[in-house]
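S.K.: Got a structure for you, written out below as structure tokens; questions coming shortly.
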Amino acid sequence: MKPIKYAQSIHCPSCEGSVKMVNGRVLQSKGRGSLQVEIDFVCVDCGQRGSALREEQYLPYAEREFCQEKGLLDFAAQAKGKGVYLDLRHRK
């Protein structure tokens with residue numbers, strides 16, 4: 001069984017508890033704006049569901065790893081020092 005990964009920068013709006021990330025999507029940016037990632041979550045304490053919008057360049061490690069596992073973004077190029085984020089949604 002895989003360990004649950006909790007979001008680092010997202011907390012439950014009602015009880016301030018830890019949340020489990022369950023789904024995510026990359027939103028289209030307008031013009032030259034940075035990509036935004038919307039992450040759906042469930043509170044592990046009270047069970048409330050919600051979503052949070054984050055800019056991909058400011059994602060903490062846990063959220064970045066979650067996006068990479070879901071195939072939303074590829075952070076490998078950024079880790080090599082090139083500073084490039086790849087949007088994997090349009091990959092064929």
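S.K.: Could you pull out the trypsin sites (Lys or Arg not before Pro) across segment 1-60 that fall in loop regions by DSSP (anything but H, G, I, E, B) with no more than 16 other Cβ atoms inside 10 Å? Could you put the intermediate results ahead of the total?
M.R.: Values: sites: LYS5, LYS20, ARG25, LYS30, ARG32, ARG49, ARG54; in loops: LYS5, LYS30, ARG32.
Loop-located and lightly packed - LYS5, LYS30, ARG32.
S.K.: So, one more: So what J values fall out for segment 60-70 if you push phi through Karplus, 6.51 cos²θ - 1.76 cosθ + 1.60 with θ = phi - 60°, rounded to Hz, Gly and Pro as x?
M.R.: With the stated coefficients, segment 60-70 comes to x, 4, 5, 5, 5, 5, 4, 5, 5, 5, 7 Hz.
S.K.: Scan around GLN48 for amide H atoms under 5 Å from its own, H built in the peptide plane at 1.01 Å from N, and keep only partners 5 or more places away or cross-chain.
M.R.: CYS43
S.K.: Continuing with the same structure: What list of ³J(HN,Hα) couplings, whole Hz, do you get for segment 12-22 from phi and the Karplus terms 6.51, -1.76, 1.60, once you set θ to phi - 60° and write x for glycine and proline?
M.R.: With coefficients 6.51, -1.76 and 1.60, one gets 4, x, 9, 10, 6, x, 6, 10, 9, 7, 10 Hz.
S.K.: Stretch TYR6-GLU65 to full length: gain in nm at 0.36 nm per residue minus the Cα-Cα span?
M.R.: Details: separation 59, 0.36 × 59 = 21.24 nm, distance 1.09 nm.
This chain segment gains 20.2 nm when fully extended.
S.K.: Excluding residues on the same chain fewer than 8 positions from LYS5, give the aspartates and glutamates whose Cα lies under 17 Å from its Cα.
M.R.: GLU16, GLU38, ASP40, ASP45, GLU63, GLU65, GLU69
Laboratory data are not the source of any read-out in this text; all were calculated from the coordinates shown. All values derive from a computational prediction rather than experimental measurement. Here the Cβ is made from the backbone with ideal geometry for all residues, glycine too, and neighbour counts use every protein chain on show.
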